[in-house]
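Q: I have a structure I would like to understand better, so I am pasting it below and will then ask my questions one at a time.
The values are calculated or read from the model by the stated rules, or taken from the named source; none is laboratory data. Note that this is a predicted model, so its numbers are computed, not measured. Ideal geometry is used to build each Cβ from the backbone, glycine not excepted, and the neighbour counts take in all protein chains shown.
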Amino acid sequence: MAVARKIPELTGRPTTFCPGCGHGILTRLLGECLTELGQDHNVICTIGVGCSCIFDTAYQGDMIQAPHGRGAAVATGVKRALPDVVSLTYQGDGDAYTIGLAETLNAAYRNEKISVFVVNNCNFGMTGGQMSWTTMPNQVTATSVHGRDTALTGMPIKVPEMIAGNFQTAYVARGTVTDAKHIRELKGYIRNALKAQIAGEGYSLVEIVSPCPTNWHMTALEAIDQMEKEILPYYTLGEFCKRGGKQE
Amino acid sequence: MSEVVVSESRCKSCGFCVKNCPKGAISLAHSFNSAGYKYAVVDSEKCIVCGICYTVCPDGVFEIRE
Amino acid sequence: MGDMIKGNDAIAEAAVRAGVQLYAGYPITPSTEVMEYLSWRMPELGRTFIQAESELAGINMVLGFAFCGKRALTASSGPGISLKQEGISYISKYRLPCVVLNVVRYGNGLGSLRSGQSDYFRDTRGGGNGDYRCIVLAPSSVQESVDLMYLAFDLAERYRIVTEVMSESALGQMMEPCEFPPMQELTVQDWALDGKYTHERRVAFMENYVTTAHENNARYEEIKEKEQRYEAVGLEDAEYVFVSYGIPGRVTHGVVNELRARGEKVGLIRPITLWPFPEKAFEQVNPNVKGFITVELNDYGQMVDDVALSVKKKLRTDIPVYCLPYVFEMVKRKDVFRDFEKIRQGQWKEVY
């Protein structure tokens, strides 16, 4: 007997994300988790700049378009104003880990009771595929046309590990969208992050490693293969800080 | 009677459903939806209404009805 | 008469009395005491104090907090206010109220720690991207700092506009006796976000820019009509009118008093709102006035441009407008006497 499944109303409107973009999965999972947790009328979403802006076509709740990178600071202001409302951010790797690295880390440092969701697709997508701090070694992007030279630009940054390893936070995890099994695990991570906030435990962050077929210059299915071959071995999945404050 | 209902207009031909369907019940149509994409088509003979297509679809194309 | 209190402490307490619910900011001389005061005063009252990691984070916390309809304040100086410009542009776009306190310090880049008036252009024109205006209030005494900070939140909410209180280093540090207004109740604006999507959503790219521009312009015209504030001395018979704000304005007031006591026909316009600029004051000036003279604490003169525009609008274009810029050192009366004499002797070229 099948379980009825329908895209939740909170995030149910059609979007203009590219075909095969991982944002669409996160959009649906956020809608499902918020609705299942009874928070769909108790949430303010702070949106980053980039492909994240497109979330506003799907999402029907209260939202704030934050300046580029500042999502964690804006979400902090929201949470301090309305402590009983779920305050979450919806950002990309360019937004939260590059220009916004200070705000993302400092909110974790202070253990602000917000939930930060970061779609990591290894480039600045909306502006046409420039290198971001999570771009893989030798990955060709619009600003690394011969492939990323990590000797000059650094190795791809691992922010969940950085936060879990250095700050007292409530929950930190990394998931992905490559198949049904991973998507179900990711949904569990998102639920944990939101539940940590609802229970007042502190800062939560979930990174979602995602395909970007358009800027990787591949089909959607080729992008999934690329992730399995090269990206996921580097960006390992799992819970780096579990609820209850245990560090991984 | 359980079934999978497809919203053709939402489909962007990414192919995740085709790849992940355990019964190979999904294919992409030969014709286009209004956005110019070849939309997903479910063969109800093969479909076991497992819901994996709903899970892997980024665009909310599938609805599983009991 | 109230007790002696330091300017920065007084202005912080005034914000508390006005019902501020969030302070988010970063230390920078000469505004730091505001944050230090609020670091214990806000928690004492069960309100929110956040020492942010940067001025940039501070203004963004104010953005999020103000979106939820509650009074929010940030304070800084010089380069710190420069960091806030992006946030101020966003807050203006969303038509949110908030108060930004600029305890001005002279100079470019790191600048200095002394009083200056080198931020006039940036703060009256808006230093962030886009078309927007902020109300700018310029006190010249500790009491006036308190009164204007208290007023700033009301103006910000009445017009849904960023309101800057432009204090200055000397004013923040000096002590004067001061009376405080009563404690206001804490409020939430009815248009605020509450998580329940009660009100119209504000999202990127979806608004009608033409409609918004017309609405904003109407709002700014209303502010210009109703909210100009200034102090005027001796305008009816003045041959020369000084225009100066802040502590330099106070010094110039002393100059004008002394000259008038000697029978000299001079006047003063001391702007209290820098935006909206007090054009109405110029309507009161003797039509036979011989010249306007700004006394400013900066390198090349900034307010002189607005004086020239007001003179053109309200009087005639052939009246000379002079500028006496005093660099780095606080202007003294003897400086103004000396340089006013040069103007009268024709030894000082007018700017307009």
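Q: From the residues in segment B:1-28 that are within 16 Å of A:Pro14 (Cβ to Cβ) and part of a strand (DSSP E or B), which one is nearest to the other protein chains (Cβ to nearest Cβ)?
A: Step one: list which residues in segment B:1-28 are within 16 Å of A:Pro14 (Cβ to Cβ), which gives B:5-14.
Those left that are additionally part of a strand (DSSP E or B): B:5-6.
Working: B:Val5: 9, B:Val6: 12 Å.
Top of the filtered list is B:Val5.
Q: Among C:Ile223, C:Ile269, which is the only one that is in contact with a strand residue (DSSP E or B) (Cβ under 7 Å, 6 or more places away or on another chain) and either over 24 Å from C:Tyr322 (Cβ atoms) or within 14 Å of chain A (Cβ to nearest Cβ) (or both)? Let's see the steps before the verdict.
A: Numbers: C:Ile269 fails: either over 24 Å from C:Tyr322 (Cβ atoms) or within 14 Å of chain A (Cβ to nearest Cβ) (or both).
That would be C:Ile223, the only listed residue that is in contact with a strand residue (DSSP E or B) (Cβ under 7 Å, 6 or more places away or on another chain) and either over 24 Å from C:Tyr322 (Cβ atoms) or within 14 Å of chain A (Cβ to nearest Cβ) (or both).
Q: Moving to a separate point now. Considering A:Asp179, A:Asp149, which residue is more than 14 Å from chain B (Cβ to nearest Cβ), among the acidic types (Asp, Glu) and farther than 20 Å from A:Gly50 by Cβ?
A: Details: A:Asp179 fails: more than 14 Å from chain B (Cβ to nearest Cβ).
Exactly one of A:Asp179, A:Asp149 is more than 14 Å from chain B (Cβ to nearest Cβ), among the acidic types (Asp, Glu) and farther than 20 Å from A:Gly50 by Cβ, namely A:Asp149.
Q: Which pairs do you get when a residue that is assigned by TED's automatic domain parsing to the domain that holds C:Leu171, found in segment C:118-145, comes within reach of a residue that is of a type in the set (D, E, K, R) and crowded, with 24+ Cβ neighbours inside 10 Å, reach meaning Cβ atoms under 6 angstrom, with the pair 6+ apart or on two chains?
A: C:Asp123/C:Glu164; C:Cys134/C:Glu164; C:Val136/C:Glu164
Q: Let me spell it out: the conditions are (1) in contact with a helix residue (DSSP H, G or I) (Cβ under 6 Å, 6 or more places away or on another chain); (2) part of a helix (DSSP H, G or I); (3) surrounded by fewer than 14 Cβ atoms within 10 Å (Cβ to Cβ), and C:Ile223 meets all of them except one. Which number is the exception?
A: Result: C:Ile223 fails condition (3) only.
Q: If you don't mind, another one. Would you check which residues across segment A:42-59 are outside any strand (DSSP E or B) and facing chain C (nearest Cβ under 7 Å) and list them? Give the derivation first.
A: So in segment A:42-59, the residues outside any strand (DSSP E or B) come out as A:42, A:48-59.
Across segment A:42-59, the qualifying residues are A:Asn42, A:Cys53, A:Asp56.
Q: For A:Thr98, are the conditions met, namely being touching a helix residue (DSSP H, G or I) at 6+ places or on another chain (Cβ under 6 Å) and closer than 27 Å to C:Glu55 by Cα? Walk me through how you get there before you give the answer.
A: Numbers: touching a helix residue (DSSP H, G or I) at 6+ places or on another chain (Cβ under 6 Å): no; closer than 27 Å to C:Glu55 by Cα: yes.
So A:Thr98 does not fit the description; no.
Q: Still on this model: Within segment A:100-111, is there a residue that is hydrophobic (A, V, I, L, M, F, W, C), within 9 Å of chain C (Cβ to nearest Cβ), more than 15 Å from the chain's Cα centre (by Cα) and not in a helix (DSSP H, G or I)? I'd like the intermediate steps shown before the answer.
A: To start, the set of residues in segment A:100-111 that are hydrophobic (A, V, I, L, M, F, W, C) comprises A:101-102, A:105, A:107-108.
Those left that are additionally within 9 Å of chain C (Cβ to nearest Cβ): A:102, A:105, A:107.
Narrowing further to those that are more than 15 Å from the chain's Cα centre (by Cα): A:102, A:107.
Filter again for not in a helix (DSSP H, G or I), leaving none.
The answer is no, given that none of the residues of segment A:100-111 is hydrophobic (A, V, I, L, M, F, W, C), within 9 Å of chain C (Cβ to nearest Cβ), more than 15 Å from the chain's Cα centre (by Cα) and not in a helix (DSSP H, G or I).
Q: How many residues does segment B:30-46 hold that are in contact with a Cys (Cβ under 9 Å, 6 or more places away or on another chain) and part of a strand (DSSP E or B)?
A: Going through segment B:30-46, the residues in contact with a Cys (Cβ under 9 Å, 6 or more places away or on another chain) turn out to be B:33, B:35, B:37-40, B:42, B:46.
Cutting the leftovers down to part of a strand (DSSP E or B) gives us B:38-40, B:42.
Number satisfying all stated conditions: 4.
Q: Would a scan of segment C:84-96 turn up a residue that is touching a Ser or Thr at 6+ places or on another chain (Cβ under 8 Å) and surrounded by 24 or more Cβ atoms within 10 Å (Cβ to Cβ)?
A: First pass over segment C:84-96, keeping only residues touching a Ser or Thr at 6+ places or on another chain (Cβ under 8 Å): C:84.
Now narrow it down to the ones that are surrounded by 24 or more Cβ atoms within 10 Å (Cβ to Cβ): C:84.
Checking segment C:84-96: at least one residue is touching a Ser or Thr at 6+ places or on another chain (Cβ under 8 Å) and surrounded by 24 or more Cβ atoms within 10 Å (Cβ to Cβ).
Q: So if I check each of C:Tyr300, C:Tyr230, which one is over 21 Å from C:Tyr106 (Cβ atoms) and within 22 Å of the chain's Cα centre (by Cα)? Walk me through it before giving the result.
A: Numbers: C:Tyr300 fails: over 21 Å from C:Tyr106 (Cβ atoms).
After ruling out the rest, the residue left standing is C:Tyr230.
Q: List the number of the failed condition for B:Arg65; all other conditions in (1) loosely packed, with under 15 Cβ neighbours inside 10 Å; (2) within 11 Å of another protein chain (Cβ to nearest Cβ); (3) out of contact with any Ser or Thr (no Cβ under 8 Å at 6 or more places or on another chain) hold.
A: For B:Arg65, the failing item is (3).
Q: In segment A:62-97, which residues are facing chain C (nearest Cβ under 7 Å) and assigned to a helix (DSSP H, G or I)?
A: A:Ala73, A:Val74, A:Ala75, A:Thr76, A:Gly77, A:Val78, A:Arg80, A:Ala81
Q: With C:Gly46, C:Gly58 as the choices, which residue is in the same structural domain as C:Met174 (by TED's automatic domain parsing) and on the phi > 0 side of the Ramachandran plot? Lay out the reasoning, then the answer.
A: Values: C:Gly58 fails: on the phi > 0 side of the Ramachandran plot.
So the residue among C:Gly46, C:Gly58 that is in the same structural domain as C:Met174 (by TED's automatic domain parsing) and on the phi > 0 side of the Ramachandran plot is C:Gly46.
Q: Follow-up. Of the conditions (1) closer than 25 Å to C:Ser115 by Cβ; (2) in contact (Cβ under 8 Å) with a residue 40 or more places away in the chain, C:Leu22 satisfies every one except a single condition; which number is it?
A: Of (1) closer than 25 Å to C:Ser115 by Cβ; (2) in contact (Cβ under 8 Å) with a residue 40 or more places away in the chain, only one is false for C:Leu22: (1).
Q: Check off (1) more than 9 Å from chain B (Cβ to nearest Cβ); (2) in a helix (DSSP H, G or I) for A:Ile25 and give me the number that stays unchecked.
A: (1)
Q: I would also like to ask the following. Mind checking which residues of segment A:112-171 are among the small types (Gly, Ala, Ser) and under 23 Å from A:Phe17 (Cβ atoms)? Break it down into steps so the answer makes sense when it comes.
A: From segment A:112-171, those among the small types (Gly, Ala, Ser) are A:115, A:125, A:128-129, A:132, A:142, A:144, A:147, A:151, A:154, A:164-165, A:170; that's our starting set.
Scanning segment A:112-171 gives A:Ser115, A:Gly125, A:Gly128, A:Gly129, A:Ser132, A:Ala142.
Q: Could you list all residues from segment B:29-54 that are within 16 Å of A:Gly20 (Cβ to Cβ), more than 10 Å from chain A (Cβ to nearest Cβ) and of a type in the set (A, V, I, L, M)?
A: Within segment B:29-54, just B:Ala40 meets the criteria.
Q: Then there is this: Whether any residue in segment A:168-177 is surrounded by fewer than 23 Cβ atoms within 10 Å (Cβ to Cβ), farther than 22 Å from B:Cys57 by Cα and of a type in the set (Ser, Thr, Tyr) is what I want to check. Talk me through it step by step, then tell me what you get.
A: Of all residues in segment A:168-177, those surrounded by fewer than 23 Cβ atoms within 10 Å (Cβ to Cβ) come to A:168.
Still in the running and farther than 22 Å from B:Cys57 by Cα: A:168.
Next, only the ones that are of a type in the set (Ser, Thr, Tyr) stay: none.
No; the residues of segment A:168-177 include none that is surrounded by fewer than 23 Cβ atoms within 10 Å (Cβ to Cβ), farther than 22 Å from B:Cys57 by Cα and of a type in the set (Ser, Thr, Tyr).
Q: Could you figure out which of (1) more than 10 Å from chain B (Cβ to nearest Cβ); (2) buried (at least 20 other Cβ atoms within 10 Å of the Cβ); (3) among the β-branched types (Val, Ile, Thr) isn't true of A:Thr35?
A: Failing condition for A:Thr35: (2).
Q: Follow-up. What residue, of C:Leu56, C:Leu38, is within 11 Å of chain A (Cβ to nearest Cβ) and either within 19 Å of the chain's Cα centre (by Cα) or surrounded by 20 or more Cβ atoms within 10 Å (Cβ to Cβ) (or both)?
A: Numbers: C:Leu38 fails: within 11 Å of chain A (Cβ to nearest Cβ).
After ruling out the rest, the residue left standing is C:Leu56.
Q: Also: Has segment C:88-99 got at least one residue that is within 12 Å of another protein chain (Cβ to nearest Cβ), farther than 17 Å from C:Tyr26 by Cα and without any contact (Cβ under 8 Å) to a residue 40 or more places away in the chain?
A: Yes: segment C:88-99 contains one or more residues that are within 12 Å of another protein chain (Cβ to nearest Cβ), farther than 17 Å from C:Tyr26 by Cα and without any contact (Cβ under 8 Å) to a residue 40 or more places away in the chain.
Q: Please state which one of C:Asp299, C:Asp305, C:Asp318 is touching a strand residue (DSSP E or B) at 6+ places or on another chain (Cβ under 8 Å) and of a type in the set (Asp, Glu). It would help to see each step written out before you state the result.
A: Values: C:Asp305 fails: touching a strand residue (DSSP E or B) at 6+ places or on another chain (Cβ under 8 Å); C:Asp318 fails: touching a strand residue (DSSP E or B) at 6+ places or on another chain (Cβ under 8 Å).
Within the list C:Asp299, C:Asp305, C:Asp318, the selection yields C:Asp299.
Q: Hey, another quick one. Checking the condition more than 22 Å from A:Pro213 (Cα to Cα), in contact (Cβ under 8 Å) with a residue 24 or more places away in the chain and surrounded by 15 or more Cβ atoms within 10 Å (Cβ to Cβ), which residue from B:Val56, B:Val6 passes? Can you show your working first?
A: Numbers: B:Val56 fails: more than 22 Å from A:Pro213 (Cα to Cα).
Only one candidate qualifies: B:Val6.
Q: Can you find even one residue in segment C:141-156 that is at pLDDT 95 or above, part of a loop (DSSP other than H, G, I, E, B) and over 29 Å from A:Lys79 (Cβ atoms)? Walk me through it before giving the result.
A: Applying the first criterion (at pLDDT 95 or above) to segment C:141-156 yields C:141-156.
From what is left, the residues that are part of a loop (DSSP other than H, G, I, E, B) are C:141.
Remaining after also requiring over 29 Å from A:Lys79 (Cβ atoms): C:141.
Among the residues of segment C:141-156, at least one is at pLDDT 95 or above, part of a loop (DSSP other than H, G, I, E, B) and over 29 Å from A:Lys79 (Cβ atoms), which makes the answer yes.
Q: Quickly run through segment C:235-264 and pick out the residues that are part of a loop (DSSP other than H, G, I, E, B), under 18 Å from C:Val321 (Cβ atoms) and not aliphatic (A, V, I, L, M). I'd like the intermediate steps shown before the answer.
A: Quick first cut of segment C:235-264, residues part of a loop (DSSP other than H, G, I, E, B) only: C:235-239, C:244-245, C:262-264.
This time we only want the ones that are under 18 Å from C:Val321 (Cβ atoms), so: C:235, C:238-239, C:244-245.
Within segment C:235-264, C:Glu239, C:Ser244, C:Tyr245 meet the criteria.
Q: Checking the conditions here, which among C:Ser115, C:Ser76 is under 27 Å from A:Leu82 (Cα atoms), buried (at least 24 other Cβ atoms within 10 Å of the Cβ), polar (S, T, N, Q) and in contact with a helix residue (DSSP H, G or I) (Cβ under 7 Å, 6 or more places away or on another chain)? Spell out how you get there, then give the answer.
A: Working: C:Ser115 fails: under 27 Å from A:Leu82 (Cα atoms).
Checking each option against the conditions leaves just C:Ser76.
Q: So for segment C:78-98 (the condition being over 19 Å from C:Met166 (Cβ atoms), at pLDDT 95 or above and among the hydrophobic types (A, V, I, L, M, F, W, C)), does at least one residue qualify?
A: yes
Q: Search segment A:71-82 for residues that are touching a residue at least 40 places away in the same chain (Cβ under 8 Å) and under 14 Å from C:Ile91 (Cα atoms) and pair each with any residue that is among the charged types (D, E, K, R) and assigned to a helix (DSSP H, G or I) when their beta-carbon atoms are under 6 Å apart and the residues are at least 6 apart or on different chains.
A: Pairs found: none.
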